[in-house]
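Asker: Can you keep this structure in mind? I'll have questions shortly.
The values are calculated or read from the model by the stated rules, or taken from the named source; none is laboratory data. Note that the coordinates shown come from a computational prediction; the quantities given were computed from them, not determined experimentally. So basically every Cβ, Gly included, is an ideal-geometry build from the backbone, and we count neighbours across all protein chains shown. Only protein heavy atoms, including side chains, enter the accessible area calculation; ligands, DNA and RNA are left aside. Shrake-Rupley method; radii C 1.70, N 1.55, O 1.52, S 1.80 Å.
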Amino acid sequence: MHNRQIISGTGLLLAGVLALAIIIIANAVFTSLRIDLTENRLFTLSQGSVNIITALDEPVTLDFYFSAKLLADLPQLRNYGNRVRDLLEEFAAKSGGAIRLSIIDPEPFSEQEDQAVASGLQGVSVNAAGDRAYFGLVGSNATDDEAIIAFFQATREAALEYDITKLIYNLANPDKRVVGVISRLPLFGDPATGTSQPWAIVDVMREFFTVRDLGTELTEIAADVDVLMLVHPKELTQETLYAIDQYLLTGGKGLIFVDPLAEADATQADPANPFVMPELSSDLNVLLDAWGISMASDKIAADAQLAMRVQTSSQRGPVEANYLPWLRITEAFLSADDFSTSELKLIHVGTAGIIEQQEGSALEFTPLIQSSAQSMPMERDLVLFQRDPNVMLAAFAAANQQQTLAVRLNGTAQTAYPDGLVTDEDAAAPPASDQATQGELNVILVADTDILADIFWTRRQNFFGIDIPQTIANNGDFVINALENLAGNTDLISLRSRGEFSRPFTKVEAIRREAERQFRDQEQQLQARLDETERKIVELQQERGEGDLLLSPAQQRAIENFRLEQVKTRKELRAVQHELQKNIDRLGAQLKFFNIALLPLMIILFAIVLGIFRSRRMG
């Protein structure tokens, strides 16, 4: 018995030592082995990241500053810090030694904290003593260029790999491509209002490109401009249009935004003609006609399926309604075969135009962004002068045809100036000897400029005193994807928006839209009946003879009957309003039952059946 106890104790000790050894060996050897079961594979390096880090010609140094001790009492940041560290180690492992990673825990008043501050990292106060915690990344290349992530925001966790890869890419490619911008919108700030802050899209573009404001009056586009970005090109001179025409026909790439109603255009009415609306549209028809492409300046894409929800006023008070000209374009209506849109989930547009290819056009016409079939071309003036969503809904009739809102144009195009640049001063000037009369076009055309406006795709969020722009749609990603693709790089495109901005309940949304459609029809009928009843009451009250203070008994009975009808109609109207939410509430109850009660009931039922089976077997 004594010997058995010794053997048993020794066996337990050996088992413990063996388990400890296995854990140590596994941590040292198998840390890179993992299974990613997330829907969007958020914990696996994408092929774009692998392409970028394996193509590094020179080493990149990454210093990850993470105040693990100070952030120990903040579990969200602590856990996120571990996630960032693991992902950085994955980058280093996949790079084959090209990425040199250092993990630093900067203690207060230490030399490491001084380095973090000098590098521009953002520290946040975490206790009453005023100690500051750091959670950022400093990267440098062989030529001492630096790039930083000042503080990893937990709200950008879905874009974590993209942010890190972007930093590495910028260090590996310090010479950025040039994007030349011609815009009638204040993308770079508005001197007239004293606003120097550029639009968010410009800040994003500057992370990847050298962005150059070309102005709106020029006679030539420099040869070092890799991509021309044309935004709201209204009232451009013939010299500028000619320069654009020649640039695009001689190998230049173009990203063009036109708009039948640019809501971001703050042009004011002429004081001398205050009743004349200012021109808020742009079409570039001079060039589009030559390419065999058209965009009607008096039509706007309206869509009942993709319309945004906005708050409006009604007789019942503030209510939500579908605003047909503002669209939430989901991935089902974005081209899955084009680099610029294939990885995107959601794009917001406002009062967009409709692009069509004319008969006889030789260009390859590839739609990138489209509406649903529950759409129609709506009159621009109706949107401009009548902002009531309910009026637009009443005038809506689906065309059962998708509308093209953005398109890629490729192929041989003709110049819009076959006779050369004709000006008022020299109408008979012959074409220049080096003028291009045709050329291979490579253009992405978007029938909306509001897609660039901050309000349609960003929100500002304060985090520990830091003003952080938070994206709510892929508008910025679409622009950067398009520019990178036109400039010849696609590795970063696959990394954007690997996590989704929102996960809507599509079944609930479908039920709500159908209920609203039925509700609107019944509401209009009941409201018409209510208006007719109230009109008859007023007519009866006005039928009293002049000088009569009292209504006749017949008039009193008629008015009483109409009042009863009025009350009945209002009750029916309220019943229809309540019906709008009824199906959604029923579906919500079913989902609660499935998520909360069904599984426990199944386990209990299984246990009962298993118990009965065992009892009978033992009996």
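Asker: If ligands, DNA and RNA are left out, what is the accessible area of Lys299 with a 1.4 Å probe, given in Å² to the nearest 10?
Answerer: Its heavy atoms expose roughly 60 Å² to the probe.
Asker: What accessible area per residue, rounded to a whole number of Å², is obtained for the range 210-286 using a probe radius of 1.4 Å?
Answerer: With the other protein chains kept in place, the range 210-286 gives 44 Å² per residue.
Asker: Let me ask something additional. Identify, among Ala416, Leu405, Pro389, the residue whose Cα sits farthest towards the positive end of the charge dipole of the range 337-418, taking +1 on the Cβ of Lys and Arg and -1 on the Cβ of Asp and Glu, with the dipole about the Cα centre.
Answerer: Of the candidates, Pro389 comes out farthest on the positive side.
Asker: Using a 1.4 Å probe over the heavy atoms of the protein chains, calculate the carbon and sulfur portion of the accessible area of the range 118-196 as a whole percent.
Answerer: Of the solvent-accessible surface of the range 118-196, carbon and sulfur hold 45 percent.
Asker: Also, quick follow-up: Going toward the positive end of the dipole of the range 207-282, with +1 on Lys and Arg Cβ and -1 on Asp and Glu Cβ, which of Ala222, Leu248, Phe208 do you reach last?
Answerer: After comparing all options, I get Leu248.
Asker: Where does the charge balance sit around Lys176 when Lys and Arg score +1, Asp and Glu -1, over other residues with C-beta under 10 Å from its C-beta?
Answerer: -1
Asker: For the range 115-169, just say rounded, prolate or oblate: build the C-alpha gyration tensor, square-root its eigenvalues into a ≥ b ≥ c, call rounded for a/c under 1.5, and beyond that prolate if a/b exceeds b/c, oblate if not.
Answerer: oblate
Asker: Return the tail of the calculated pair distribution for the range 149-305, meaning the percent of Cα-Cα pairs more than 28 Å apart. Walk me through the numbers before you get to the answer.
Answerer: Details: 4444 of 12246 pairs.
Roughly 36 percent, once rounded to a whole number.
Asker: Rounded to the nearest 20 Debye, what is the dipole magnitude of the range 318-415 about its Cα centre when Lys and Arg each give +1 and Asp and Glu each give -1 at the C-beta?
Answerer: The dipole magnitude comes to about 200 debye.
Asker: When Lys and Arg each count +1 and Asp and Glu each count -1, what net charge do the other residues less than 13 Å away from Ile293, Cβ to Cβ, add up to? Don't skip to the answer; put the middle values down first.
Answerer: Numbers: positive: Arg408; negative: Asp283, Asp289, Glu356, Glu359, Glu364.
Neighbour charge sum, excluding Ile293 itself: -4.
Asker: Also, I was wondering about something else. Which order do the peptides 44-53, 11-20, 123-132 come out in when sorted by mean C-beta neighbours inside 10 angstrom, highest first?
Answerer: Sorting 44-53, 11-20, 123-132 by mean packing, highest first, produces 44-53, 123-132, 11-20.
Asker: Here is a follow-up. Among 397-408, 100-111, 145-156, what's the highest-first ranking by average C-beta atoms within 10 angstrom per residue?
Answerer: 397-408, 145-156, 100-111
Asker: Oh, and also: When the accessible area of the range 217-347 is split by element with a 1.4 Å probe, what percent falls to carbon and sulfur?
Answerer: Working: 2740 of 5550 Å².
C and S fraction of accessible area: 49 percent.
Asker: Now, a different point. Please give the peptides 385-391, 447-453, 285-291 ranked by average Cβ packing (other Cβ atoms within 10 Å per residue), highest first, as a rough proxy for protection.
Answerer: Going by the mean number of other Cβ atoms within 10 Å, highest first, we get 447-453, 285-291, 385-391.
Asker: Could you tell me which of rounded, prolate or oblate describes the range 229-386, using a ≥ b ≥ c as the square roots of the eigenvalues of the alpha-carbon gyration tensor, with rounded for a/c under 1.5 and, failing that, prolate when a/b is larger than b/c and oblate otherwise?
Answerer: In terms of gyration-tensor shape, oblate.
Asker: In the structure shown, do any of Lys176/Lys253; Lys234/Lys299; Lys94/Lys166; Lys166/Lys345; Lys568/Lys592 have a Cα-Cα gap over 24 Å, and if so which?
Answerer: Lys568/Lys592
Asker: Ignoring ligands, DNA and RNA, how do Arg586, Arg460 rank by accessible area with a 1.4 Å probe, largest first? If you can, show how the numbers build up before the last one.
Answerer: Values: Arg586 115, Arg460 140 Å².
Largest accessible area first, the list is Arg460, Arg586.
Asker: Can you sort Lys571, Lys345 by 1.4 Å-probe accessible area, starting with the largest?
Answerer: Values: Lys571 120, Lys345 45 Å².
My answer, sorted largest first, is Lys571, Lys345.
Asker: With a 1.4 Å probe and all protein chains left in place, how much accessible area per residue does the range 327-402 have, in Å²? Before the final figure, lay out the partial values.
Answerer: Numbers: 3530 Å² over 76 residues.
It amounts to 46 Å² per residue over the range 327-402.
Asker: Also, quick follow-up: Quick check on the range 61-152: take the gyration tensor over C-alpha atoms, sort the square-rooted eigenvalues as a ≥ b ≥ c, and tell me if it's rounded (a/c under 1.5), prolate or oblate.
Answerer: Oblate.
Asker: How compact is the range 378-426 by the rule of thumb for globular proteins, expressed as Cα Rg over 2.2 N^0.38 Å?
Answerer: Relative to the rule-of-thumb radius for its length, the range 378-426 sits at 2.07.
Asker: Still on this structure, please answer the following. If you take every residue apart from Val138 with its C-beta less than 11 Å away from the C-beta of Val138, what net charge results, scoring Lys and Arg +1 and Asp and Glu -1?
Answerer: Taking every other residue near Val138 into account, the sum is -2.
Asker: Determine the per residue accessible area of the range 135-188 with all protein chains present and a 1.4 angstrom probe, expressed in square angstrom.
Answerer: 36
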